[in-house]
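The values are calculated or read from the model by the stated rules, or taken from the named source; none is laboratory data. All values reported here derive from a predicted model rather than from experimental measurement. When we count neighbours, we look across all protein chains shown, and the Cβ atoms used for this are built from the backbone with ideal geometry, even at glycine. We work out accessible area using only protein heavy atoms, side chains counted, and drop any ligands, DNA or RNA first. Shrake-Rupley method; radii C 1.70, N 1.55, O 1.52, S 1.80 Å.
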Amino acid sequence: MKIEQFLHLEDVLELILDTVCVVDKTNKLVFVSAAFESMFGYKPEEVIGRSVYDFVYSEDNHKTSNIVEKILHGQTQPSFENRWVHKSGKIIHVLWSARWSEQHQVRIAVAHDITERKKMEQHLEYLANHDPLTKLPNRAALKKCLQVSLSTAKANNTHLYLLFIDLDNFKQINDNHNHTVGDQVLEIVAQRLLNCVRDTDIVGRLGGDEFVILLDNMSSKEDVTKLANKMCLAVEQPVSLANTTLQLSLSIGIAAYPEHGANYDSLMQFADEAMYKAKKAGGNRVIVF
């Protein structure tokens, strides 16, 4: 398609806030509206004749090529998303509406910048799945993670261990000091637990002073118990807050897949019961269900 065929539309396209792109059958840009520069940082003359894949975020190349194939076969795509790379290097989330013109042998697409919307969605998703105090996965996220880990363990015929952790005498800390100190203690405990585990392990907070840890690919139950005792020792280190020194301790209950349960509810229940046995025995100890 010759660019001259679009010249009579330039005055109109200059007024459109969203970017308009025209791409030929070989994926080369043959026309972009003036809004392209404000969206992607490139002047029109910098991109005309270049492949769109010079600008598509590399991880989205396959998804984009699948959509392009559908468009080339006459399937209008009123709404699809991918990411492009701005001239500055930042990632732009783009919502496209595109169709193929058989007469002119080009596809015509309108781009909407939805980067801020995607950031907000990601932020809301983060808030929905993370504890606001410790930034650890919350109860809902832990359930999803455990279900995925269980599926993996079943498929690979491997073990999965769930540690249910409760901070001993936490109510006394809140009662004798204040909730600000209590919150600081929870943040410290969360960080000490994270310091004990591998990057692939999952540490989450159920609420209050209850934490859960998911461990997979551990050599043996004995290794898991050793790790739990290591956590107890790490948390035992004195904490100096609000002109006072606090001595902390943990009660930890352990349940294992497949020995103790094959689903989220049973593993949580049995690990919780083991933790309460540890607490009733005086706390500061690890018990396997």
Can you give me the relative contact order of the chain as a percent, contacts being Cα pairs under 8 Å and 6 or more apart?
13 percent
Under unit Cβ charges (Lys, Arg +1; Asp, Glu -1), what dipole magnitude, rounded to 20 debye, does the chain have relative to its Cα centre?
620 debye
Three principal axis lengths of the range 131-228 [C-alpha, angstrom, descending]
48, 27, 19
I need the Debye-formula profile for the range 42-102: one equal scatterer per C-alpha, no solvent, reported as log10 I(q)/I(0) at q = 0.20 1/Å, two decimals.
-0.85
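How do the peptides 235-246, 276-287, 160-171 rank, highest first, by the average count of neighbouring beta carbon atoms within 10 Å per residue?
160-171, 276-287, 235-246
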Convert each backbone phi in the range 205-215 into a coupling constant with the Karplus relation 6.51 cos²θ - 1.76 cosθ + 1.60 (shift: θ = phi - 60°), then list the ³J(HN,Hα) values in order as whole Hz, x for Gly and Pro.
10, 6, x, x, 10, 9, 10, 10, 10, 9, 10
In Å, the Kirkwood estimate of hydrodynamic radius for the range 250-289 over Cα pairs equals 9.7 Å
Which whole-Hz ³J(HN,Hα) couplings does the range 54-61 yield from phi under the Karplus relation 6.51 cos²θ - 1.76 cosθ + 1.60, θ = phi - 60°, glycine and proline marked x?
6, 10, 5, 4, 3, 5, 9, 4
In whole Hz, with x marking every Gly and Pro, tabulate ³J(HN,Hα) for the range 281-289 from phi via Karplus 6.51 cos²θ - 1.76 cosθ + 1.60, θ = phi - 60°.
7, x, x, 6, 7, 10, 10, 8, 4
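How many times 2.2 N^0.38 Å is the alpha carbon radius of gyration of the range 210-289?
Against the empirical 2.2 N^0.38 Å value, I get 1.20 for the range 210-289.
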The FRET efficiency for residue 219 and residue 129, from their Cβ-Cβ distance with R0 = 35 Å and rounded to 0.05, is 0.70
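Based on a Kirkwood Rh over C-alpha pairs, give the Stokes-Einstein translational diffusion coefficient of the range 150-289 at 20 °C and viscosity 1.002 mPa s in µm²/s.
Numbers: Rh = 15.3 Å.
Once the numbers are plugged in, D ends up at 140 µm²/s.
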Running Debye on the range 74-207 with equal point scatterers at the Cα sites and no solvent, what base-10 log of I(q)/I(0) appears at q = 0.17 Å⁻¹?
-1.01
Between residue 130 and residues 5 or more places away or on another chain, the pairs with built amide H atoms under 5 Å apart involve 138
Kirkwood-based Rg to Rh ratio, the range 65-138, C-alpha trace:
1.18
For the chain, with +1 on Lys and Arg beta carbons and -1 on Asp and Glu, the positive-most of 51, 179, 165 along the dipole:
165
What figure in square angstrom, to the nearest 10, would you give for the accessible area of residue 159 with a 1.4 Å probe?
80 Å²
The chain: percent of C-alpha pairs farther apart than 23 Å?
65 percent
With the cut-off at 21 Å, tell me which of the pairs 171/221; 25/70; 230/279; 25/119; 171/279; 90/118 have Cα atoms farther apart than that.
171/221; 25/119
Return one whole number: the accessible area per residue of the chain in Å², for a 1.4 Å probe.
53 Å²
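Placing +1 at every Lys and Arg Cβ and -1 at every Asp and Glu Cβ, with all other atoms neutral, what dipole size does the range 132-289 have around its Cα centre, in debye to the nearest 20?
Working: 16 positive and 17 negative charges, 28 e Å.
Here the size comes out at about 140 debye.
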Assuming a ≥ b ≥ c are the square roots of the Cα gyration tensor eigenvalues, decide whether the range 28-71 counts as rounded (a/c under 1.5), prolate (otherwise, with a/b larger than b/c) or oblate.
prolate
Histogram of C-alpha separations across the range 176-224, 5 Å bin width, %:
4, 18, 24, 21, 14, 9, 5, 3, 1
Can you find, among 23, 191, 82, the residue farthest towards the positive end of the dipole of the chain? Put +1 on the C-beta of Lys and Arg, -1 on that of Asp and Glu.
191
